[in-house]
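Colleague: A single structure is presented below for examination.
The values are calculated or read from the model by the stated rules, or taken from the named source; none is laboratory data. Please read these numbers as outputs of a predicted model, since none were measured by experiment. Positions of Cβ are backbone-derived with ideal geometry, glycine not excepted, and every protein chain shown enters the neighbour counts.
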Amino acid sequence: MSSTTMTYREAIRLALMEEMDRDENVFIMGEDIGKYKGTFRVTDGLFEKYCQNTSDWLHEPPHPEIQDGVGRRVIDTPITEPGIVGMATGAAMTGLRPVVEMMTMSFAILALDQIINHAAKIHYMTDGQISVPLVIRGPGGAANQLSAQHSHSIEGWFAHVPGLKVVAPATPDCAKGMLKAAIRDDNPVIFTENPGLYAMKGEVTDDVDYTIPFGKARIARVGSDISLICYSRMVHVCLAAADKLAEEGINAEVVDVRSLLPLDTETIYNSVAKTHRAVVVYEDWKSGGFGAEIAARIGQDCFDDLDAPVGRVGGLNVPTPYSRVLELQCIPNEHDVIAEVKKIG
Amino acid sequence: MPKPATASDLVAPKEDLIRYHREMVYLRHFEEKSNFAYRQGKAGGYLHVYIGMEPLAVGWLNNIRKGYDYVITAYRDHGHALQLGSDPTATMAEIMGRSGGLSRGKGGSMHLYDIANQFYGGWGIVGGHTALAGGLALAAKYRKEDRVTLCYLGDGASNAGVFFETMNMCGLWDLPIIFIIENNLYAMGTALERHAADPELYKRGFPFKHDYERVDGHDMVTVLKDSKRIIDRCRETSKPCVVEAMTWRTVGHGAADNDRQLYRTKAEEDEMAKRDCLYLYEKYLEDNGVLTRAQMDQIDAEELEKAEKVYDDASESPHPEIEEVYSNVYTDMEPEKGH
């Protein structure tokens, strides 16, 4: 299959456009995603593309008092995350397919009641009468000195909740294929990006129906001596660590989990059965993060395969500081991964 | 001796007025059976009945396009489900957590849903569902349909932050939604004056460019007139509206509220009993020659019998199978199993 080189940001944008072209029920809403093009410019051009005609507008004719206007398929919202997620959930309950952008996933904390107590519960409480085809996407994790309130990796919080699906792609191709799968999914999906990935380039499959099913991990690097298990930007940290370990004669396999819920334990366990060693790497606070769940499962289910205790590398258990020096100290890098690999022996 | 009414004097055709009476009487008996189920241990958890507030379900929901307009409410939801056409036995079975329930026992009293009738529940987080309601109205506008969304909420929910956020967006985008604040004067056990800085809750709509007004919720005749006018206007203008309907729950907040005198006096209850909605409506029907006392007694007996049969039938419904615990967490996969 042919492919095109593009950035992670462009891959997400292309997925949004292809799905909006395919299905009129798909629309996007969020803060400054239209006229302003999105804080990370992910939605650049969508307002112009989809809100040209007055019939594309929520106001008909456009409300004279709203100078910027509000498009029907690209909806600029006020800064009110609970309201945005709640209204998107309500619209999804009728069969529309909203894709909500959280300016950062840290702001999804405001909307936790709507996500956890409403969206995630609806299909079950109604015993299947109502589905919620909702996607909540946005950057999670530290960027560059955004300090303590804008740097959360909270995908593990969501992966704790039955009723949600949670994915965290690491490459442009995964981003496109998984976002399209998320939009076509009839369940609420948390789609975590990472600010550090947006500019990353990669080959993206040219096919408007190319989707990547959830619950399938990806072997990002084949190896035989140790399994580095990770997701999102940490995949690239682990790949860098693997390159350095190779210089020392340690051949690491990198498993890109990419789907936290559902979790592909089979691929993880097969890798551990082959290498007999595992280090789980995640950017979230080390204590209680999703990597702890993966580590616990490997420890319990792969006990006979393991030649060493399961290692873990996570973010420091502190609020993310502003100082670049301190911030970098918090985020796991390849040196931390290599140190853990050597520690478990 | 009042002047005999002519058809044009009546708020609705005579046969409709009689049907509304039947529906109010039935709802009251149904709710008394719900409370009975709780006392018998057949219903658990939280259970909130609609006794005293019947016109807000019976009156308003007889003026919408049933099965087309969207309806959503909080946890005091039995009346809305019945009024929209949910099978009463399935409704009672859900309250009892049985497999014959609307959600086969997964929702319970607070979480009744019936999508065939466009009844969207049934929600337990105070104020949380108002945002969902805004989304229903957004969907109607998105699809260019003339559906109206009716969102009921309590006076306690009118203080919730997400309600204000939702009103802002509904006003900003002119969404066809009516927020009906069922003001029964108490947020659980906290009196209106003790929970709202401005107890005139209809004013909540003013800063968000909604239509807004306070209406009576006791007098069924007034309720029928107001609800028709407001629903028709909302459909016509696609403009949101906040309605504060003054009402009164005769009973406690929930089935577990067994000491109402902690927050309201016996004298207050006696005074409000004079304005009981069923008493007022029956007086209207009698004064206008629609029904005689004997006919109403007959209706009361018939509806009580129906409610008792529903109670008995629901009690016969089996509990869910254990395997059901895993179904419908997702549309397309099962959750991981086991402890």
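Colleague: What about A:Lys216, is it part of a loop (DSSP other than H, G, I, E, B) and either away from every other protein chain (no Cβ under 14 Å) or farther than 19 Å from A:Ala15 by Cα (or both)?
Modeller: It is true that A:Lys216 is part of a loop (DSSP other than H, G, I, E, B) and either away from every other protein chain (no Cβ under 14 Å) or farther than 19 Å from A:Ala15 by Cα (or both).
Conditions tested, residue by residue: (1) in a loop (DSSP other than H, G, I, E, B); (2) over 29 Å from B:Ala139 (Cβ atoms).
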position: B:Asn35; (1), (2): no, yes
position: B:Val49; (1), (2): yes, yes
position: B:Arg76; (1), (2): yes, no
position: B:Ala81; (1), (2): no, no
position: B:Ala93; (1), (2): no, yes
position: B:Gly97; (1), (2): yes, yes
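Colleague: List the residue pairs whose Cβ atoms are under 8 Å apart, where the first residue sits in region B:285-298 and is free of Cβ contacts under 8 Å to residues at least 40 places away in the same chain, the second is among the hydrophobic types (A, V, I, L, M, F, W, C) and surrounded by 11 or more Cβ atoms within 10 Å (Cβ to Cβ), and the two are 6 or more positions apart or on different chains.
Modeller: Qualifying pairs under 8 Å: B:Glu286/B:Met296.
Colleague: Right, here's the next one. Quick check on my filter: what residues within region B:26-36 are out of contact with any helix residue (DSSP H, G or I) (no Cβ under 6 Å at 6 or more places or on another chain) and either free of Cβ contacts under 8 Å to residues at least 12 places away in the same chain or not charged (D, E, K, R) (or both)?
Modeller: Selection gives B:Asn35, B:Phe36.
Colleague: Failed condition for A:Lys286, given (1) closer than 18 Å to A:Gly311 by Cα; (2) touching a Leu at 6+ places or on another chain (Cβ under 6 Å), with all others met?
Modeller: Of the numbered conditions (1) closer than 18 Å to A:Gly311 by Cα; (2) touching a Leu at 6+ places or on another chain (Cβ under 6 Å), the odd one out for A:Lys286 is (2).
Colleague: Among what's in region A:97-145 and is among the polar types (S, T, N, Q) and facing another protein chain (nearest Cβ under 9 Å), pick the residue that is farthest from A:His160 (Cα to Cα).
Modeller: For region A:97-145, the residue satisfying everything is A:Gln129.
Colleague: What's the total number of residues in region A:297-326 that are free of Cβ contacts under 8 Å to residues at least 12 places away in the same chain and hydrophobic (A, V, I, L, M, F, W, C)?
Modeller: 3
Colleague: Moving on to the next point. If A:Trp157 passes every condition in (1) farther than 24 Å from A:Met93 by Cβ; (2) more than 14 Å from chain B (Cβ to nearest Cβ) but one, which one does it miss?
Modeller: (1)
Colleague: Quick one: B:Phe119 ticks every box in (1) within 9 Å of chain A (Cβ to nearest Cβ); (2) hydrophobic (A, V, I, L, M, F, W, C); (3) within 15 Å of A:Gly95 (Cα to Cα) bar one, so which box is it?
Modeller: (1)
Colleague: Here's something else I'd like to know. Consider only pairs whose beta carbons are under 6 Å apart and that are at least six residues apart or on different chains; among these, list those whose first residue lies in region A:180-198 and is closer than 12 Å to A:Ile212 by Cβ and without any contact (Cβ under 8 Å) to a residue 40 or more places away in the chain and whose second residue is aliphatic (A, V, I, L, M) and surrounded by fewer than 24 Cβ atoms within 10 Å (Cβ to Cβ).
Modeller: That search, which allows pairs on different chains as well, returns A:Ala181/A:Ile212.
Colleague: Within region A:254-263, does at least one residue satisfy the condition of being buried (at least 20 other Cβ atoms within 10 Å of the Cβ), over 21 Å from the mean Cα position of the chain (by Cα), acidic (Asp, Glu) and not in a loop (DSSP other than H, G, I, E, B)?
Modeller: No, region A:254-263 has no match at all.
Colleague: In this structure, does B:Gly105 turn out to be at pLDDT 95 or above and surrounded by fewer than 24 Cβ atoms within 10 Å (Cβ to Cβ)?
Modeller: yes
Colleague: Kindly list the number of the only condition in (1) in contact with a strand residue (DSSP E or B) (Cβ under 8 Å, 6 or more places away or on another chain); (2) surrounded by fewer than 20 Cβ atoms within 10 Å (Cβ to Cβ) that fails for A:Val235.
Modeller: The number of the failed condition is (2).
Colleague: Collect the residues in region B:84-104 that are at positive phi and at the interface with another protein chain (Cβ under 9 Å from one of its Cβ atoms), keeping them in residue-number order.
Modeller: Hit for region B:84-104 is B:Arg104, nothing else.
Colleague: Looking at B:Gly107, B:Gly128, which one is within 30 Å of A:Leu58 (Cβ to Cβ), out of contact with any Phe, Trp or Tyr (no Cβ under 6 Å at 6 or more places or on another chain), within 10 Å of chain A (Cβ to nearest Cβ) and in contact (Cβ under 8 Å) with a residue 12 or more places away in the chain?
Modeller: None of the others qualify; the one that does is B:Gly128.
Colleague: Also: If I go through region B:70-90 residue by residue, how many of them are over 15 Å from B:Pro318 (Cβ atoms) and surrounded by fewer than 24 Cβ atoms within 10 Å (Cβ to Cβ)?
Modeller: 6
Colleague: So, in region A:264-282, exactly how many residues are crowded, with 20+ Cβ neighbours inside 10 Å and not in a helix (DSSP H, G or I)?
Modeller: So the count comes out to 6.
Colleague: Now, a different point. From the list A:Pro321, A:Pro309, which residue is within 19 Å of A:Ser106 (Cα to Cα) and touching a helix residue (DSSP H, G or I) at 6+ places or on another chain (Cβ under 9 Å)?
Modeller: A:Pro321
Colleague: For region B:150-162, give me each residue that is surrounded by 24 or more Cβ atoms within 10 Å (Cβ to Cβ) and within 9 Å of chain A (Cβ to nearest Cβ).
Modeller: B:Val162, the sole residue that qualifies.
Colleague: Ok, one more. From the list B:Thr73, B:Thr91, which residue is in contact with a strand residue (DSSP E or B) (Cβ under 7 Å, 6 or more places away or on another chain) and under 25 Å from B:Ala256 (Cβ atoms)?
Modeller: That would be B:Thr73, the only listed residue that is in contact with a strand residue (DSSP E or B) (Cβ under 7 Å, 6 or more places away or on another chain) and under 25 Å from B:Ala256 (Cβ atoms).
Colleague: Regarding B:Asp232, is this residue outside any helix (DSSP H, G or I), surrounded by fewer than 16 Cβ atoms within 10 Å (Cβ to Cβ) and modelled with pLDDT of 95 or more?
Modeller: Considered against the rule, which asks whether it is outside any helix (DSSP H, G or I), surrounded by fewer than 16 Cβ atoms within 10 Å (Cβ to Cβ) and modelled with pLDDT of 95 or more, B:Asp232 comes out as no.
Colleague: Find all pairs meeting these conditions: Cβ atoms under 7 angstrom apart; at least six residues apart or on different chains; first residue within region B:319-335 and touching a residue at least 12 places away in the same chain (Cβ under 8 Å); second residue acidic (Asp, Glu).
Modeller: Partner pairs satisfying both residue conditions: B:Asn328/A:Asp127.
Colleague: State which residue is surrounded by the fewest Cβ atoms within 10 Å (Cβ to Cβ) when the search covers only region B:288-323 and only residues that are within 14 Å of chain A (Cβ to nearest Cβ) and over 29 Å from the mean Cα position of the chain (by Cα).
Modeller: Out of the qualifying residues, it is B:Glu323.
A quick yes/no check of all residues on (1) touching a helix residue (DSSP H, G or I) at 6+ places or on another chain (Cβ under 6 Å); (2) surrounded by fewer than 24 Cβ atoms within 10 Å (Cβ to Cβ):
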{"residue": "A:Ser147", "(1), (2)": "no, yes"}
{"residue": "A:Ser151", "(1), (2)": "no, no"}
{"residue": "A:Ala182", "(1), (2)": "no, no"}
{"residue": "A:Ile190", "(1), (2)": "yes, no"}
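Colleague: While we're here: Would it be correct to say that B:Lys144 is charged (D, E, K, R) and at the interface with chain A (Cβ under 9 Å from one of its Cβ atoms)?
Modeller: Considered against the rule, which asks whether it is charged (D, E, K, R) and at the interface with chain A (Cβ under 9 Å from one of its Cβ atoms), B:Lys144 comes out as yes.
Colleague: Please identify the pairs in which a residue from region B:170-186 that is within 13 Å of another protein chain (Cβ to nearest Cβ) has its Cβ atom under 7 Å from the Cβ atom of a residue that is part of a strand (DSSP E or B) and of a type in the set (A, V, I, L, M), counting only partners at least 6 apart or on another chain.
Modeller: Cβ pairs passing all conditions: B:Cys170/B:Ile177.
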